1. Would you confirm, using the coordinates I've provided, whether H530 is modelled with pLDDT of 95 or more, open to solvent by 10 Å² or more (accessible area, probe 1.4 Å), of a type outside the set (G, A, S) and over 20 Å from the mean Cα position of the chain (by Cα)?
2. With the structure loaded, tell me whether L31 is within 16 Å of the ligand (Cβ to nearest atom), part of a loop (DSSP other than H, G, I, E, B) and open to solvent by less than 30 Å² (accessible area, probe 1.4 Å) or whether it fails that test.
3. Across segment 92-107, what is the number of residues that are among the charged types (D, E, K, R) and out of contact with any helix residue (DSSP H, G or I) (no Cβ under 7 Å at 6 or more places or on another chain)?
4. Scan G210, G232 and give me the residue that is open to solvent by 50 Å² or more (accessible area, probe 1.4 Å) and at pLDDT 90 or above.
5. Can you find a residue that is farther than 19 Å from P391 by Cα, acidic (D, E), open to solvent by 30 Å² or more (accessible area, probe 1.4 Å) and modelled with pLDDT under 95 anywhere in segment 346-358?
6. Name the residue, out of S480, S523, that is at pLDDT 95 or above and closer than 19 Å to Q164 by Cβ.
7. Please verify whether segment 145-158 includes one or more residues that are hydrophobic (A, V, I, L, M, F, W, C), more than 28 Å from R82 (Cα to Cα), at pLDDT 95 or above and in a helix (DSSP H, G or I).
Amino acid sequence: MTATAPREEQLWSRCAGCASLLYRKRLRRNLDVCPECGEHARLGAPERLRQLVDPGSLRLLPDRLPEADPLDFVDVLPYPHRLTGARASTGLAEGVVCATATIGGHPVALAVMDFRFLGGSLGCAVGELITRAAERALDDRTPLVLITASGGARMQEGALSLMQMATVSQAIAALREAGLLTVSVLTDPTYGGVAASFATNTDLVLAESGARMGFAGPRVIRQVTGRALPEGFQTADFLLRHGQVDMVVQRRSLRGRLMALLAATRAGRPARSPVPRQEPASHRERVADGGAVLARPTEPAAEGDAGTPAVGDAWDTVRMARHPGRPTTLDYLDSVFDGFVELHGDRLGADCPAIVGGVARLAGRHVMVIGHQKGHTTAELVARNFGMASPSGHRKALRLMRLAARLGLPVVTLVDTPGADPGVSAEEQGQAAAIAENILTLTVLPTPVLAVITGEGGSGGALALAVADRVLMLENAVYSVISPEGCAAILWPDRSAAPQAARALRLTAPDLRRLGVVDEVVSEPSSAAHDDPAETAHRLRAALLANLLPLLDVPPAILVRQRRQRFRRFGANRVGARAGLR
Ligand SMILES: [Zn+2]
């Protein structure tokens, strides 16, 4: 943290709420809340920490990680230039500041995101630092307090930024198992991958007054639905009304509320942990010193790996992945599996048609299959909402995953979605939290989980079914943190740059195999899956069996530990050093 001397123009600032000209010092004394209208100005992480923790108690955790530009991402600016600019303007090493401290005498570990740093975006380094803060809480047996502020995933790190949602979520899961409190404080704005993971899968979710939180942003929802948004959409009060946060808190009350919650939960805390720690201490130490490489179930493949078929341009692959003739989940349930019995409903009031699931047999073995369902005709696509799951779809999937674990059935997921449903009601029904809970649950599900990206693997909606022991991907499928069109609209002048964005995002199966996001690429017939669905089904079935059978003999505790290691390895220090996509 660096203190900068106040410059002349910083003596006064204009309120974003009421446009009053305010004396900076007075504003700061009022915790950066406008005395005229109550507008809560955004706070940088250092100032937030200063407001929340007991004076003299702050101990910053290390924030330096090796440089990582795993994709060599270039839009109009190379990614390293954007990083350098963000560091210069904020004085921070990354978009999160992590520390231990006390709040009202209660020891906590904290991770405070800073929106000024590339929009608080969740990249590998941010994910790694927050995960370490959570691991520190586990070591110290203290609660974890997360202050979120983020536009979402960091596009420049592609699918690796998506993986951070799983990495941090499993650290939250470990705290949940250890009986340690996790609290997130939503500040303005909290969107996308952060909203759909650790911002909402904590025990308690507080929203600072005026904060907005959602999975899809208002601009995207307006574009997709063509409808005006309801008054106050996604604001803290909206979230409270729709049951998504525990409380809305004024900034001046935040410290007091945290103290009260920490005191209450400390009083009820069990004397010792009911669940042993997930990772041996030696592992955490090796991670903390930044040098070690974990034992990994699958090493990222080297360039030209024999198991990695060559493909053409990424944009061609995107178009193939979206081809309406491409086999759907129901097609595969018919061709790859036997005796599918569909199970319906989330038990909370809805049955989402974009997710199908149920019990089936794979070569005589019973499995639970859950997948996104698109369709081949416009009518089918509309009826299935184009494979975009609503929160009820994610909750149906969650119900079936838990049922599978209880029955001892392995889970096979088939992922084919442009993304989660970008709609008003989806946000009202807690889209972000529904995805977040699935991701967390999959990190600890005590049964084998095998995921296949069969078509489009679109961002958090895809990951909600793809935290697995083994992740397979059909040759012409794509898996990405954002659609190429969406990425182009943000980082390039316009959406017509989608083909360039598709290349930059490294969303093809061979690229993701090299990055270790995917364990195996399932080759398609010489043309593509839709030209020979029977042969595609034959190959998929063989790949499923080859990957599933070895998992069946692994005791659940070991399975879960290995799954956690699989997702723990996507942190900045390991990825940056070795991905080497040149
Ligand atoms: Zn104001």
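The values are calculated or read from the model by the stated rules, or taken from the named source; none is laboratory data. Because the structure is a prediction, the values reported are computed rather than measured. As a convention, Cβ positions derive from the backbone with ideal geometry for all residues, glycine included, and neighbour counts pool all protein chains shown. Ligands, DNA and RNA are excluded from the accessible area calculation, which covers all protein heavy atoms including side chains. Shrake-Rupley method; radii C 1.70, N 1.55, O 1.52, S 1.80 Å.
1. Values: modelled with pLDDT of 95 or more: no; open to solvent by 10 Å² or more (accessible area, probe 1.4 Å): yes; of a type outside the set (G, A, S): yes; over 20 Å from the mean Cα position of the chain (by Cα): yes.
The answer is no for H530.
2. For L31, the condition - within 16 Å of the ligand (Cβ to nearest atom), part of a loop (DSSP other than H, G, I, E, B) and open to solvent by less than 30 Å² (accessible area, probe 1.4 Å) - is not met.
3. Number of matching residues: 0.
4. Numbers: G232 fails: open to solvent by 50 Å² or more (accessible area, probe 1.4 Å).
It is G210.
5. Looking through segment 346-358, none of the residues is farther than 19 Å from P391 by Cα, acidic (D, E), open to solvent by 30 Å² or more (accessible area, probe 1.4 Å) and modelled with pLDDT under 95.
6. S480
7. no
Here's the yes/no breakdown for (1) within 30 Å of G232 (Cβ to Cβ); (2) open to solvent by 10 Å² or more (accessible area, probe 1.4 Å):
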| site | (1), (2) |
| --- | --- |
| P422 | yes, yes |
| A432 | yes, no |
| I435 | yes, no |
| I439 | yes, no |
| P446 | no, yes |
| I453 | no, no |
| E456 | no, yes |
| G461 | yes, no |
| L474 | no, no |
